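The values are calculated or read from the model by the stated rules, or taken from the named source; none is laboratory data. All figures in this text were calculated on a predicted structure; none of them were measured in a lab. Backbone-built Cβ (ideal geometry, glycine too); neighbour counts: all protein chains shown. Calculation scope for accessible area: heavy atoms of the full protein, side chains included, ligands and nucleic acids excluded. Shrake-Rupley method; radii C 1.70, N 1.55, O 1.52, S 1.80 Å.
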Amino acid sequence: MLELTDMQVIRALSKRYDFSFSKGLGQNFLIDPEVCPAIAEYGIPSRECGVLEIGTGFGVLTQQLALRSEQVTAVELDRRLKPVLAETLAGFDNVSIVWQDIMKVSLRDFLEAHFGSREVAVCANLPYYITSPILMHLLESDVQLRSITVMVQKEAADRLCAEIGSRDAGAVTAAVRLRGHAEQLFEVPRTSFYPSPKVDSAVIRITPYETPLCTPEKLSRVLRIVKAGFAQRRKTAVNALASGLALPKEQVTEALAAVGQPANVRFEQLSAETLLALADAMQQ
Ligand code: SAM
């Protein structure tokens with residue numbers, strides 16, 4: 001197995017395949033030999049559980065996932081990596097790569113097509129320019145993932161694991177809380193990547209509730225409200241929701257009162273339970 005945390009190997013591969021790192025695609029590859037095994041250990045509950053990886057890079061994490069799961073299917077956008085991966089993943093017959101933009105993947109169809117009835121966990125060192133959209137994409141989908149274990153910027157990790165109602169919380173925090181439980185597993189310094197980014201990172205794991213809090217249909221209604229609410233978080237919930245969802249203020253005020261909230265409450269102060277009740281009260 002090629003040692004992909006070795007800078008000499010990385011340089012040799014880059015040279016052989018004339019590969020240059022794309023900042024725009026968030027290509028900061030892991031070079032700390034302890035990090036990928038740890039992500040794989042935390043992220044893969046059993047050999048039978050399939051793994052969806054997002055963004056392979058040179059395959060440093062993919063190798064560790066493939067050592068621990070019967071099936072790894074990765075989605076990678078940058079086709080320049082094709083010849084590199086053909087070399088670095090040679091010998092792993094349990095890995096397949098789908099050359100696509102993860103944001104354009106319909107998760108339900110994708111998992112059915114590639115994993116069938118197998119349980120699936122997501123493991124990834126996410127491209128930072130698109131962390132929240134990718135997590136929203138996963139959380140909004142109606143598929144039940146076993147877990148989502150991802151490397152994100154430290155600041156994003158704090159936000160994702162914040163309590164709803166706290167200052168750090170945002171729309172994606174609410175989406176996490178509505179789908180499951182989030183925990184920060186460990187921090188990773190910027191020096192663990194090549195090229196080194198300007199900020200430190202952390203690995204988080206989201207474990208969806210075994211019994212979802214609501215139906216997928218209701219979840220998408222709640223998330224519509226959440227996005228509108230957080231889009232104008234400094235306004236009162238009434239103003240943010242009335243303008244974000246193009247509703248009369250009276251209707252929003254009544255709905256908030258029906259779930260026990262005063263007219264001047266700010267959206268970021270609402271708990272997950274209140275958001276669920278609010279979706280029914282607003283008939284949204
Ligand atoms: N897993 C590797 C590692 O840990 O070294 C690479 C991680 S790097 C932070 C992010 C990877 O995601 C890059 O390989 C990049 O090309 C890929 N990527 C960026 N945008 C993507 C997208 N929209 N869909 C799929 N992959 C994407």
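Tell me, how many Å apart are the Cα centres for the stretch 21-97 and for the stretch 127-159?
Spelled out, the Cα-based centre of one part sits 17 Å from the other.
Whenever you get a sec, compute what percent of the accessible area on the stretch 184-254 sits on carbon and sulfur atoms (1.4 Å probe).
On the stretch 184-254, the fraction of accessible area on carbon and sulfur atoms equals 54 percent.
Give the percent of DSSP beta bridges with both residues in the stretch 7-208 that are antiparallel, rounded to the nearest 5.
Percent antiparallel among DSSP bridges in the stretch 7-208 is about 50.
In the structure displayed, which of 104/249; 23/235; 104/218 lie more than 31 Å apart, Cα to Cα?
104/249; 23/235
Straight distance only, please: which aspartates and glutamates reach the Cα of residue 15 with their own Cα at less than 20 Å, same-chain residues fewer than 8 apart left out?
Hits, sequence-local ones excluded: 3, 6, 78, 87.
Using only DSSP helix segments of four residues or longer, with each worth -39500 (n - 2.57), what per-residue ellipticity at 222 nm results for the chain after dividing by its residue count and rounding to 500?
Rounded to the nearest 500, the figure is -11500 deg cm²/dmol.
What list of ³J(HN,Hα) values in whole Hz, one per residue of the stretch 170-182 in order, does the Karplus curve 6.51 cos²θ - 1.76 cosθ + 1.60 (θ = phi - 60°) give from phi, with Gly and Pro shown as x?
Per-residue couplings from phi come out as x, 4, 6, 4, 5, 4, 4, 5, 6, 9, x, 10, 10 Hz.
Would you kindly calculate the translational diffusion coefficient of the stretch 134-284, applying Stokes-Einstein with the Kirkwood radius from alpha carbon pairs, for 25 °C and a viscosity of 0.890 mPa s, and quote it in µm² s⁻¹ without decimals?
152
What ranking, highest mean first, results for peptides 91-97, 197-203 when packing means the other Cβ atoms within 10 Å averaged over each residue?
Listed from highest to lowest mean packing, they are 197-203, 91-97.
Give me a comma-separated list of calculated 3J(HN,Hα) values for the stretch 146-156, in order, Karplus coefficients 6.51, -1.76, 1.60 applied at θ = phi - 60°, integers in Hz, x for any Gly or Pro.
Taking θ as phi minus 60°, the curve returns 5, 6, 10, 10, 9, 8, 9, 4, 3, 5, 5 Hz for the stretch 146-156.
How big is the charge dipole of the chain about its Cα centre, in debye rounded to the nearest 20, if each Lys and Arg gets +1 on its Cβ and each Asp and Glu gets -1 on its Cβ?
900
Under the definition of Cα pairs under 8 Å and six or more residues apart, what whole-number percent is the relative contact order of the chain?
The value is 15 percent.
Which residue, 109, 32, 158, has the most motion in a Gaussian network model of the chain that connects Cα atoms within less than 10 Å?
So, out of 109, 32, 158, the one fluctuating most is 109.
Going out from 0 in 5 Å bins, what whole percent of all Cα-Cα distances in the stretch 7-208 drops into each bin?
1, 8, 17, 21, 22, 17, 9, 4, 1, 0, 0
Can you list the aspartates and glutamates whose alpha carbon is less than 13 Å from that of residue 154, not counting same-chain residues fewer than 8 positions off?
Residue 154 reaches 168, 183, 187, 200.
Taking amide hydrogens as modeled 1.01 Å from N in the peptide plane, which residues meet the under 5 Å criterion relative to residue 266, leaving out close sequence neighbours?
237
Cut-off 15 Å, label point 7 angstrom out along Cα-to-Cβ of residue 9: give me the residues of the stretch 65-82 whose amide nitrogen falls inside.
Zone members listed by number: 65-67.
Net charge around residue 118, counting only other residues with Cβ within less than 13 Å of its Cβ (Lys, Arg = +1; Asp, Glu = -1)?
Within the 13 Å Cβ shell, the charges total -2.
Suppose the chain between residue 181 and residue 199 were pulled fully straight at 0.36 nm per residue; how much longer would it get relative to their current alpha carbon spacing?
Extending this stretch completely gives an extra 4.0 nm.
Could you compute the net charge surrounding residue 14? Neighbours are other residues with a C-beta less than 14 Å from the C-beta of residue 14; K and R count +1, D and E count -1.
0
With every protein chain kept in place and ligands, DNA and RNA left out, what is the accessible area per residue of the chain? Probe 1.4 Å, answer in Å².
Per residue, the chain has 45 Å² of solvent-accessible surface.
Considering the zone a paramagnetic label at residue 1 would reach in this model (a point 7 Å from Cα along the Cα-to-Cβ line), which residues of the stretch 86-122 have amide N under 14 Å from it?
In the stretch 86-122, the label zone of residue 1 (backbone N under 14 Å from the point 7 Å along Cα→Cβ) covers 88-95.
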